[in-house]
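Here is the structure we will look at.
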Amino acid sequence: MTLKQSLANDLNSLSPFMLTSDFLSKSQQHMRRSKEPYVPKKIEAPKTTFITPQYSDKLFWCFYIMEKGKDEYDHIGQKVFTVETETKINLVDVVREHAGLLKQHKLSAKAVEVELANNPWITVPTFHALCIIHNISCLIIKGKMCYRVNIASDNVVESDLPDILVIENGRFSLETEKSVEKTKKYLDKYWNIPSMDKPLLSISSYKVDELKTICGKLDISLFNNCKPKTKKDMYQDIVKKL
(Lines give C-alpha, C1' and ligand atoms only; values in the text may rest on other atoms or scores of the structure.)
Protein backbone atom coordinates (compact mmCIF):
# COMPACT_ATOMS: atom_id res chain seq x y z
CA MET A 1 0.00 0.00 0.00
CA THR A 2 1.38 3.34 -1.00
CA LEU A 3 1.73 6.29 1.35
CA LYS A 4 -1.02 8.11 -0.55
CA GLN A 5 -3.42 5.21 -0.12
CA SER A 6 -2.55 4.93 3.56
CA LEU A 7 -3.35 8.62 4.15
CA ALA A 8 -6.64 8.31 2.27
CA ASN A 9 -7.66 5.36 4.45
CA ASP A 10 -6.79 7.29 7.61
CA LEU A 11 -8.88 10.26 6.48
CA ASN A 12 -11.82 8.03 5.65
CA SER A 13 -11.69 6.44 9.10
CA LEU A 14 -11.72 9.88 10.76
CA SER A 15 -14.48 11.36 8.60
CA PRO A 16 -17.30 10.57 11.13
CA PHE A 17 -15.54 12.85 13.63
CA MET A 18 -14.71 15.71 11.28
CA LEU A 19 -16.73 18.95 11.01
CA THR A 20 -17.75 18.37 7.44
CA SER A 21 -20.72 20.12 5.80
CA ASP A 22 -22.59 16.81 5.82
CA PHE A 23 -21.95 16.35 9.57
CA LEU A 24 -23.08 19.90 10.36
CA SER A 25 -26.24 19.51 8.28
CA LYS A 26 -27.22 16.30 10.09
CA SER A 27 -26.48 17.90 13.49
CA GLN A 28 -28.69 20.91 12.77
CA GLN A 29 -31.54 18.63 11.69
CA HIS A 30 -31.22 16.69 14.93
CA MET A 31 -31.17 19.91 16.99
CA ARG A 32 -34.25 21.24 15.23
CA ARG A 33 -36.13 18.01 15.97
CA SER A 34 -35.11 17.86 19.64
CA LYS A 35 -35.45 21.54 20.56
CA GLU A 36 -38.89 22.54 21.87
CA PRO A 37 -40.31 25.80 20.56
CA TYR A 38 -39.90 28.75 22.94
CA VAL A 39 -43.18 29.98 24.35
CA PRO A 40 -42.85 33.19 26.38
CA LYS A 41 -44.55 33.03 29.76
CA LYS A 42 -47.29 35.52 30.45
CA ILE A 43 -46.65 37.60 33.54
CA GLU A 44 -49.97 38.24 35.18
CA ALA A 45 -50.44 41.25 37.42
CA PRO A 46 -51.06 40.31 41.06
CA LYS A 47 -54.75 40.07 41.78
CA THR A 48 -56.16 42.57 44.22
CA THR A 49 -59.60 43.40 45.54
CA PHE A 50 -58.62 47.00 46.24
CA ILE A 51 -58.88 50.11 44.08
CA THR A 52 -56.52 53.07 44.48
CA PRO A 53 -57.85 56.17 42.68
CA GLN A 54 -55.57 57.33 39.89
CA TYR A 55 -56.11 61.05 40.48
CA SER A 56 -54.03 63.28 42.75
CA ASP A 57 -56.37 63.75 45.73
CA LYS A 58 -56.83 60.04 46.30
CA LEU A 59 -58.67 60.32 49.62
CA PHE A 60 -61.23 62.70 48.09
CA TRP A 61 -61.80 60.29 45.20
CA CYS A 62 -62.22 57.41 47.63
CA PHE A 63 -65.05 59.40 49.21
CA TYR A 64 -66.44 60.20 45.74
CA ILE A 65 -66.57 56.48 44.86
CA MET A 66 -68.27 55.67 48.17
CA GLU A 67 -70.86 58.42 47.69
CA LYS A 68 -71.45 58.33 43.92
CA GLY A 69 -70.45 54.76 42.99
CA LYS A 70 -67.62 53.25 40.96
CA ASP A 71 -69.47 53.62 37.64
CA GLU A 72 -69.76 57.38 38.11
CA TYR A 73 -66.03 57.54 38.88
CA ASP A 74 -65.12 55.44 35.83
CA HIS A 75 -66.94 57.82 33.46
CA ILE A 76 -65.21 61.03 34.57
CA GLY A 77 -62.68 60.88 31.73
CA GLN A 78 -61.13 64.27 30.94
CA LYS A 79 -63.47 66.15 33.30
CA VAL A 80 -61.54 65.25 36.43
CA PHE A 81 -60.48 68.82 37.33
CA THR A 82 -63.95 70.24 36.73
CA VAL A 83 -65.73 67.47 38.65
CA GLU A 84 -63.33 67.70 41.61
CA THR A 85 -63.52 71.51 41.82
CA GLU A 86 -67.31 71.72 41.52
CA THR A 87 -67.86 68.86 43.98
CA LYS A 88 -65.61 70.43 46.61
CA ILE A 89 -67.29 73.83 46.23
CA ASN A 90 -70.71 72.23 46.71
CA LEU A 91 -69.43 70.30 49.71
CA VAL A 92 -68.35 73.53 51.42
CA ASP A 93 -71.99 74.64 51.55
CA VAL A 94 -73.08 71.19 52.78
CA VAL A 95 -70.49 71.30 55.57
CA ARG A 96 -71.72 74.71 56.72
CA GLU A 97 -75.25 73.39 56.96
CA HIS A 98 -74.09 70.51 59.17
CA ALA A 99 -71.71 72.37 61.47
CA GLY A 100 -73.73 71.34 64.52
CA LEU A 101 -73.60 67.65 63.58
CA LEU A 102 -69.83 67.77 63.12
CA LYS A 103 -69.43 69.50 66.49
CA GLN A 104 -71.16 66.54 68.13
CA HIS A 105 -68.40 64.34 66.68
CA LYS A 106 -65.68 66.77 67.80
CA LEU A 107 -64.93 67.81 64.21
CA SER A 108 -64.40 71.41 63.14
CA ALA A 109 -66.67 72.47 60.28
CA LYS A 110 -64.47 75.53 59.67
CA ALA A 111 -61.34 73.41 59.28
CA VAL A 112 -63.15 71.13 56.83
CA GLU A 113 -64.40 74.13 54.81
CA VAL A 114 -60.91 75.62 54.57
CA GLU A 115 -59.41 72.33 53.49
CA LEU A 116 -62.01 71.72 50.78
CA ALA A 117 -61.69 75.25 49.43
CA ASN A 118 -57.92 75.75 49.57
CA ASN A 119 -55.95 72.53 49.91
CA PRO A 120 -55.02 70.27 46.97
CA TRP A 121 -55.65 67.18 49.13
CA ILE A 122 -58.08 66.41 51.92
CA THR A 123 -57.00 64.73 55.14
CA VAL A 124 -58.58 61.94 57.18
CA PRO A 125 -60.55 64.32 59.49
CA THR A 126 -62.22 65.90 56.44
CA PHE A 127 -62.92 62.46 54.97
CA HIS A 128 -64.40 61.48 58.35
CA ALA A 129 -66.57 64.61 58.38
CA LEU A 130 -67.90 63.96 54.88
CA CYS A 131 -68.82 60.39 55.83
CA ILE A 132 -70.66 61.67 58.92
CA ILE A 133 -72.62 64.23 56.91
CA HIS A 134 -73.60 61.76 54.17
CA ASN A 135 -74.32 58.97 56.68
CA ILE A 136 -71.78 56.64 55.07
CA SER A 137 -70.65 53.69 57.20
CA CYS A 138 -66.95 53.05 56.87
CA LEU A 139 -64.06 51.20 58.46
CA ILE A 140 -60.72 53.01 58.27
CA ILE A 141 -57.88 50.49 58.47
CA LYS A 142 -54.29 51.46 59.20
CA GLY A 143 -51.83 48.71 60.02
CA LYS A 144 -53.74 46.51 62.45
CA MET A 145 -55.83 49.39 63.74
CA CYS A 146 -59.49 49.82 62.86
CA TYR A 147 -61.56 53.00 63.24
CA ARG A 148 -65.34 52.92 62.91
CA VAL A 149 -67.33 55.64 61.17
CA ASN A 150 -71.11 55.44 61.66
CA ILE A 151 -70.83 51.87 63.00
CA ALA A 152 -72.28 51.43 66.47
CA SER A 153 -72.83 47.68 66.56
CA ASP A 154 -70.72 44.57 65.98
CA ASN A 155 -73.64 42.92 64.20
CA VAL A 156 -72.76 42.68 60.50
CA VAL A 157 -75.35 41.87 57.85
CA GLU A 158 -74.86 41.29 54.13
CA SER A 159 -77.43 43.93 53.16
CA ASP A 160 -75.70 46.75 55.06
CA LEU A 161 -71.94 46.31 54.82
CA PRO A 162 -69.69 49.30 55.52
CA ASP A 163 -67.13 50.59 53.06
CA ILE A 164 -63.52 49.74 53.90
CA LEU A 165 -60.74 52.31 53.45
CA VAL A 166 -57.18 51.06 53.88
CA ILE A 167 -54.30 53.45 54.60
CA GLU A 168 -50.87 52.00 53.87
CA ASN A 169 -47.66 54.01 53.50
CA GLY A 170 -49.69 57.15 52.86
CA ARG A 171 -51.67 55.42 50.13
CA PHE A 172 -55.47 55.26 50.21
CA SER A 173 -57.36 52.28 48.76
CA LEU A 174 -60.94 51.02 48.83
CA GLU A 175 -62.01 47.40 49.19
CA THR A 176 -64.10 46.48 46.14
CA GLU A 177 -65.29 43.07 47.32
CA LYS A 178 -67.03 43.61 50.65
CA SER A 179 -68.26 40.68 52.69
CA VAL A 180 -69.46 39.82 56.17
CA GLU A 181 -66.31 37.76 56.76
CA LYS A 182 -63.92 40.58 55.86
CA THR A 183 -65.82 43.10 57.93
CA LYS A 184 -65.93 40.83 61.00
CA LYS A 185 -62.21 40.13 60.63
CA TYR A 186 -61.44 43.83 61.00
CA LEU A 187 -63.92 44.33 63.84
CA ASP A 188 -62.87 41.25 65.80
CA LYS A 189 -59.14 40.86 65.17
CA TYR A 190 -57.94 44.44 64.74
CA TRP A 191 -57.51 47.04 67.48
CA ASN A 192 -60.62 49.22 67.41
CA ILE A 193 -59.26 52.68 68.20
CA PRO A 194 -61.30 55.56 69.70
CA SER A 195 -59.81 58.23 67.41
CA MET A 196 -57.64 58.45 64.29
CA ASP A 197 -55.79 61.48 65.68
CA LYS A 198 -55.26 60.04 69.16
CA PRO A 199 -55.66 56.26 69.01
CA LEU A 200 -53.90 55.69 72.32
CA LEU A 201 -55.01 57.25 75.61
CA SER A 202 -52.70 57.93 78.56
CA ILE A 203 -51.17 54.91 80.28
CA SER A 204 -53.30 55.51 83.38
CA SER A 205 -56.44 54.99 81.26
CA TYR A 206 -55.67 51.28 80.79
CA LYS A 207 -55.59 48.22 82.98
CA VAL A 208 -52.84 45.66 82.43
CA ASP A 209 -55.25 43.18 80.80
CA GLU A 210 -56.46 45.88 78.39
CA LEU A 211 -52.89 46.56 77.26
CA LYS A 212 -52.34 42.83 76.85
CA THR A 213 -55.36 42.66 74.55
CA ILE A 214 -54.09 45.58 72.46
CA CYS A 215 -50.64 43.98 72.23
CA GLY A 216 -52.22 40.74 71.04
CA LYS A 217 -54.08 42.52 68.24
CA LEU A 218 -50.95 44.40 67.19
CA ASP A 219 -48.79 41.25 67.21
CA ILE A 220 -46.66 42.57 70.06
CA SER A 221 -44.98 39.99 72.29
CA LEU A 222 -45.93 40.02 75.96
CA PHE A 223 -42.47 38.86 76.99
CA ASN A 224 -39.01 40.42 77.04
CA ASN A 225 -36.12 37.96 77.38
CA CYS A 226 -38.60 35.33 78.64
CA LYS A 227 -39.87 37.69 81.33
CA PRO A 228 -43.40 39.15 81.25
CA LYS A 229 -43.41 42.78 80.16
CA THR A 230 -44.44 45.43 82.62
CA LYS A 231 -47.38 47.73 81.98
CA LYS A 232 -44.93 50.48 80.99
CA ASP A 233 -43.09 48.17 78.57
CA MET A 234 -46.33 47.16 76.84
CA TYR A 235 -47.49 50.76 76.56
CA GLN A 236 -44.17 51.89 75.05
CA ASP A 237 -44.25 49.05 72.50
CA ILE A 238 -47.77 50.04 71.46
CA VAL A 239 -46.61 53.65 70.99
CA LYS A 240 -43.86 52.41 68.65
CA LYS A 241 -46.48 50.68 66.50
CA LEU A 242 -48.47 53.88 65.93
Kindly indicate whether Ile136 is farther than 24 Å from Ala109 by Cα and part of a loop (DSSP other than H, G, I, E, B). no
Consider only pairs whose beta carbons are under 7 Å apart and that are at least six residues apart or on different chains; among these, list those whose first residue lies in segment 46-62 and is in a strand (DSSP E or B) and whose second residue is surrounded by 12 or more Cβ atoms within 10 Å (Cβ to Cβ). Phe50/Val166; Phe50/Ser173; Phe50/Leu174; Phe50/Glu175; Phe50/Thr176; Ile51/Ser173; Ile51/Leu174; Ile51/Thr176
For segment 197-208, which residues satisfy the criterion of being open to solvent by 50 Å² or more (accessible area, probe 1.4 Å) and either touching a residue at least 12 places away in the same chain (Cβ under 8 Å) or within 20 Å of the chain's Cα centre (by Cα) (or both)? Asp197, Ile203, Val208
Going residue by residue through segment 147-161, is there one that turns out to be in a helix (DSSP H, G or I) and among the hydroxyl-bearing types (Ser, Thr, Tyr)? yes
Based on what the data block shows, is Leu211 more than 20 Å from Glu67 (Cα to Cα), touching a residue at least 40 places away in the same chain (Cβ under 8 Å) and part of a helix (DSSP H, G or I)? no
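For every residue, the table says whether it meets (1) charged (D, E, K, R); (2) free of Cβ contacts under 8 Å to residues at least 24 places away in the same chain; (3) part of a helix (DSSP H, G or I); (4) open to solvent by 30 Å² or more (accessible area, probe 1.4 Å).
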position	(1), (2), (3), (4)
Glu72	yes, yes, yes, yes
Lys88	yes, no, yes, no
Ala111	no, yes, yes, yes
Pro120	no, no, no, yes
The correct count of residues that are part of a loop (DSSP other than H, G, I, E, B) and either open to solvent by less than 80 Å² (accessible area, probe 1.4 Å) or without any contact (Cβ under 8 Å) to a residue 40 or more places away in the chain (or both) in segment 221-242 is 6
Subset of segment 138-196, residues open to solvent by 80 Å² or more (accessible area, probe 1.4 Å) and either in contact with a Lys or Arg (Cβ under 6 Å, 6 or more places away or on another chain) or of a type in the set (A, V, I, L, M) (or both), comes to Ala152
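The values are calculated or read from the model by the stated rules, or taken from the named source; none is laboratory data. Values in this document were obtained by computation on a predicted structure and should not be read as measured data. Here Cβ is always computed from backbone atoms with ideal geometry, including for glycine, and neighbour counts include all displayed protein chains. These accessible areas exclude ligands, DNA and RNA; they are computed on the full protein's heavy atoms, side chains included. Shrake-Rupley method; radii C 1.70, N 1.55, O 1.52, S 1.80 Å.
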